[in-house]
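Report on the structure given below.
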Amino acid sequence: MEKKKINKRIILDLDLCIGCQSCVAACALGYHEQANVMLGRIGEIAILPLHCRHCEKPACVEACPTEALQKDEYGFVHRSNLLCIGCHSCVFACPFGVISIDLMKHVTAKCDLCIDRVLNEKIPRCVATCTSGALSFEEITEASAEEVWIGGRISSRAIIRRM
Amino acid sequence: MKEPRNTICFFCSLGCGLTVNRGEDRVYYQPIATNELEYQLDNPINRGSLCGKCNYLFELLHHPKRIPGPRILKSSGYRDVHWENVTTDIIEQIAALVEKNGAESVGIMLSPYLTIEETEQAIDLAQIIGTPHIDYCALEDEPILAKIRQGAFFQKRLPSIEEIDGMHTSFIVGDVFGVSPVLSRHFLKAKYDQRANKMVVLESSNSNTGWFADLHLRANPGTEVMVLTGILILLLEQIGKQQAIPWKAAVKHVLDSIEIEDICKLTGVSLDQIQSAAGLMMREKPSIVTLVSGFGVYDRADLVTELCQALSDATDSYFLPVFTGANSLGMHEAIANFKPAAGMTASQMIEAAEKGSLKVLLNFGVDIIRTFPGTRATNAIKKLDFLLSTSIFPNDTTGFSHVILPAAPWVEKTGTTINMLGNSLKLDAVLSPPGHIKTTGGILSILIDALHQKGFDKKQIEPPEAAAQETEEDIANHFIEIKDLIKDNSAVESNQKMLVPNNDFSHSGDGAITQYLSWSQRMCPEPIAMIAEGENGVHISGMVRISSSENKITIPVKVSRRAEKGMIIAPVHFPQIRSLLQWEMLPQWGYLNIKPAKVSVEFL
Ligand code: SF4
Ligand code: SF4
Ligand code: SF4
């Protein structure tokens, strides 16, 4: 099978998120037994899920001393459990702060975009379960790329409207 | 072979669809593996969405705390027994007590999470025993349902949930995203689809729903009736000239005698806001009035229901009631068709047990102690001669039961339910109950068969009287009640606060189940009260002693933007919090009016 680069990413529309954490629940129970979506809290003003953006030039991959983190053929940033030594370099390297420290397993947790589902033409769990429709799994076109990579559209029509 | 099976979520009355890919060949206690839960992206109700507690439902299946088999209370404590022995024991006890005290000393209480089929079986059981006392127990839904059934006003039912997506004005009473988060998908679609679409929310605290409102009517706790009356007064002034509304003449003289300035003063909602709300309701159609049930949120939920229906009637909007109990609507109809006038409601059964006239309670799935406000229910069930409880997990009520029978949650059941739209939906068991556990339906058939063998036969019980059509005079009378309520409301004294219950959705739904889900525990692990910044000098967190007329408790408190001044918000699914609320029976209806309580608060 030819491995085709998958150019889709999870996009969050801040206008819609109601902070219900169903995305966290789906990720935690459905697959990883630990949640890879984290909820950012802006005081008590807003609560929003933070996802791995599977960056073009991922800082976490560069920071990882063991090659546990790699950008794979599909274009996803992937982590091999067995290679991870739990040094937390990636946690500090990620500019979006989406890799969490999972103390129990002594390795770090990392969203893999539900690759098991995406390769079977299904959408990621957190996107499927999102109660408000705030999360979507979209093709990144050239036009939208800039917005998404720099984080503008992970956002919304009005950035952080909850004030 | 794995065969995907479709079922619906039974934690609330929306009925979101989900698919389970788990074959019967799987070992029961194997943890859920990848791909076993599938989201139904084309389901018109939820388009794949499920809220957190539903995502966690598989935890139930191999939960270590589940009651594994029947238990009987002996002098030495609870003993595990076989089904045959327990059935004989139950039947003998019931037979002896019916002989001694009469069939009317027996009550049957049902949780609103049973299927229609199970409800019908329970009605059969009532007929065989010969008692008219059977009721579902959903205290927050009951006053709403009672009013909807009476059909006091013309009611416009929504044809489908998707219809919400196109509403120009959504008028929402209560925290809808809190009770059924998946509805946010539809309400927010309506809100953002067109610039002019508006969401009006009537709610006292700054909940998630209020957050999204274009117009948030932040009424003082328990004053929803007044705000709605105010809106109706303004609407009638405008509409009255153009069209005739059948009940208008009857209520007009009542409404005319209410001063809108009084309403503004008592509710804390300005005349401007009431006018805007009325204006938005008069705009281009379609629009919708949504009433969300909540425990202890409204003062006189029945009148709030009446007014919401009047509002939808006057503005030709849809009316959507959102219930907490998954099958409250279906069970309400089934029981109302059977229940004779003499039959008691769930709350009346507890009062009868307190007085000693109810001796036997057959309780199918209700955690009575966790459900009722105050502490009266606890004392009442201690007085029973015989209490049978079915339950999935041990709870406060099973601790006082003479017999405990292990029941199955909805994932292990097949049957029919009626959702909030009045549509009937199918539940399909995605697994069979493990070991000695049976569905409530299974338990009911065992009991019915055994009673037949003991010589009990179905008795004719007087059918209910057909509900009389409400006359204009009746309707006017309700409005007089509303008028009294507006006069009666005395302001909170300076050292008091209003205790506003928070119906946290991670715990709403079948509370007997959700308290055992790790997700719910993570979301709200302990009762923490919320107050507004700077109240009584508290800036981050602390401890607080809350005393009401019913009880006194000490819990942690934190500052939150959810609360307004003069308010203390607390998660109501915890029994401590419920114990503060007041037992207030409305004798003519037989259900409780559970309203925000006035409490005194002492910061420690
Ligand atoms: S895509 Fe999958 S792994 Fe990544 S956050 Fe969503 S549910 Fe978790
Ligand atoms: S499920 Fe959707 S609405 Fe809920 S917290 Fe996640 S992104 Fe927000
Ligand atoms: S609890 Fe209600 S909103 Fe949540 S998944 Fe179940 S039916 Fe849908």
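The values are calculated or read from the model by the stated rules, or taken from the named source; none is laboratory data. In this text, all values refer to a predicted model and were calculated from it rather than measured experimentally. Reconstructed Cβ throughout: ideal geometry from the backbone, glycine too, with neighbour counts over all protein chains shown. All accessible areas refer to the heavy atoms of the entire protein, side chains included, with ligands and DNA or RNA removed. Shrake-Rupley method; radii C 1.70, N 1.55, O 1.52, S 1.80 Å.
Using protein chains only (no ligands, no nucleic acids) and a 1.4 Å probe, work out which residues of segment A:9-29 have their accessible area cut by at least 10 Å² relative to the chain alone. Hits at the 10 Å² cut-off: A:ASP15, A:LEU16, A:ILE18, A:CYS20, A:GLN21, A:SER22, A:VAL24, A:ALA25, A:ALA26, A:ALA28, A:LEU29. Within the protein assembly as shown, antiparallel bridges make up roughly 55 percent of the DSSP beta bridges whose residues both belong there.
Once C-alpha pairs closer than 8 Å and six or more residues apart are averaged by separation and normalised to the residue number of chain B, the relative contact order reads 20 percent. Among the trypsin sites (Lys or Arg not before Pro) within segment B:161-226, those in coil by DSSP and having at most 12 neighbouring Cβ atoms inside 10 Å are B:ARG195. For the pair segment B:561-604 / segment B:281-336, the C-alpha centres are spaced 22 Å from each other. When all alpha-carbon pairs of segment B:384-477 are counted, what percent fall beyond 18 Å? Of the Cα pairs, 69 percent sit more than 18 Å apart.
Taking amide H atoms as placed 1.01 Å from N in the peptide plane, the amide H of B:ALA529 lies under 5 Å from those of B:VAL557, B:LYS558, each 5 or more residues away in sequence or on another chain.
Note on B:ILE480 and B:GLN588: their simple-model spin labels are 0.8 nm apart, each label 7 Å out from Cα toward Cβ. Under the combined filter of DSSP loop state and at most 14 neighbouring Cβ atoms within 10 Å, segment B:535-593 retains these trypsin sites (Lys or Arg not before Pro): B:LYS565. Subtracting the Cα-Cα distance of B:ASP316 and B:SER160 from 0.36 nm times their residue separation leaves 54.5 nm of extension gain. The local environment of B:THR398, defined by Cβ-Cβ distances under 13 Å, has a net charge of +2 under the rule Lys, Arg +1 and Asp, Glu -1. Counted as membrane-span-like here are DSSP H helices of chain B whose alpha-carbon atoms extend 27 Å or more along the helix's own axis and whose Kyte-Doolittle mean is -0.5 or above; there are none.
Each stretch of four or more DSSP H residues adds -39500 (n - 2.57); spread over every residue of the protein assembly as shown, this sum gives -8500 deg cm²/dmol at 222 nm. Only protein heavy atoms count here, probed at 1.4 Å, and on that basis chains B and A bury about 2600 Å² of accessible area in total. When the P(r) is computed for segment B:209-353, the part past 17 Å accounts for 68% of the Cα-Cα pairs. With the biggest extent put first, the Cα atoms of the protein assembly as shown measure 80, 69, 52 Å across the principal axes. Rounded to two decimals, the Cα radius of gyration of chain B over 2.2 N^0.38 Å is 0.96.
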